[in-house]
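Okay, structure first, notes after.
Values quoted throughout were computed directly from the atomic coordinates according to the rules given, and no laboratory measurement underlies them. Quick caveat, the model's predicted, so the values are computed rather than measured.
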């Protein structure tokens, strides 16, 4: 048995040549390699201590997946325009941290389609090695970048136009219950671009011809280390359940899937100080 202690962060995830997701959980100064633990027993205890993932200060409550209230209200990465990029207010001179905005918002972004049990539209800053970490965090089994745009604001405007015809949220319960049927993302792309042609023309008229670049990329199939999906999803909340144990049956998105149809969103508990015992 191995024992790990410390504050956790969201799982790090990468893919191999077959696009199988490989997970590591940061805990304290260590990393737990998670894929070899599938099918084995794991025990987790919460020490009733939460440290902000940014400033490290103790906080009684975690906001926005790991921040204290002060950081929630002062950091640019916690501003409402991160959730709604079409509200980006950098040009208005009111960005909380202009240097952060310049580094993270005023660069190319990608608009994509993903199959997370239902088809959704989303945005990401990086499509590295054909697979974006954003797709992996959302548990997408298929994804495809359909356009590159000049900045975060424009990505939000495009996403807003598409939301009339397609969802922009992941139904996490649906995502966790099964392996979804394959969708024709190429045809969906063609249909969507036709439906929002007028809105795209308006964006180009305002921001210039370089604002939007339609991409011709294939859809990517993504696989996850899951031995068994839950029939019914029963969510574990460490604020209520200080200890849990069971057999780890899979990992998808940022969720652990355990026996008894139980799941836990590990990213939601970023900053929590945990004691984790794993079987060899």
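Radius of gyration over Kirkwood radius for the stretch 1-73, both on Cα atoms: the Rg/Rh ratio is 1.04.
Take every Cα pair under 8 Å whose residues are at least 6 apart in sequence, average their separation, divide by the length of the stretch 72-221, and the relative contact order is 27 percent. To the nearest ten degrees, helix 197-207 and the longest principal axis of the Cα atoms of the chain are 80 degrees apart. Among beta bridges identified by DSSP and lying wholly in the chain, the antiparallel ones come to about 95 percent. Looking at the stretch 72-221 only, what percent of DSSP beta bridges run antiparallel? Nearest 5 please. Looking only at bridges with both residues in the stretch 72-221, the antiparallel portion is about 95 percent. The orientation-averaged projection of the convex hull spanning the C-alpha atoms of the chain amounts to 15.1 square nanometres.
The eigenvalues of the Cα gyration tensor, multiplied by 5 and square-rooted, give the stretch 72-221 an equivalent ellipsoid with semi-axes of 25, 19, 13 Å from largest to smallest.
Computed from Cα atoms, the angle from the helix 185-195 axis to the main principal axis of the chain rounds to 40 degrees.
Relative contact order of the chain: 31 percent, from C-alpha pairs under 8 Å at least 6 residues apart in sequence. Rounded, prolate or oblate: which one fits the stretch 134-243, using the alpha carbon gyration tensor with axes a ≥ b ≥ c (rounded when a/c is under 1.5, else prolate when a/b beats b/c, else oblate)? Here the stretch 134-243 falls in the prolate category.
Taking only the alpha carbons of the stretch 1-132, we obtain Rg and Dmax values of 18.0, 55 Å in that order. Every pair of different Cα atoms in the stretch 157-222 enters the Kirkwood calculation, which places the hydrodynamic radius at 14.0 Å.
Cα convex hull, the stretch 189-265: 185 Å³ per residue, rounded to a whole number.
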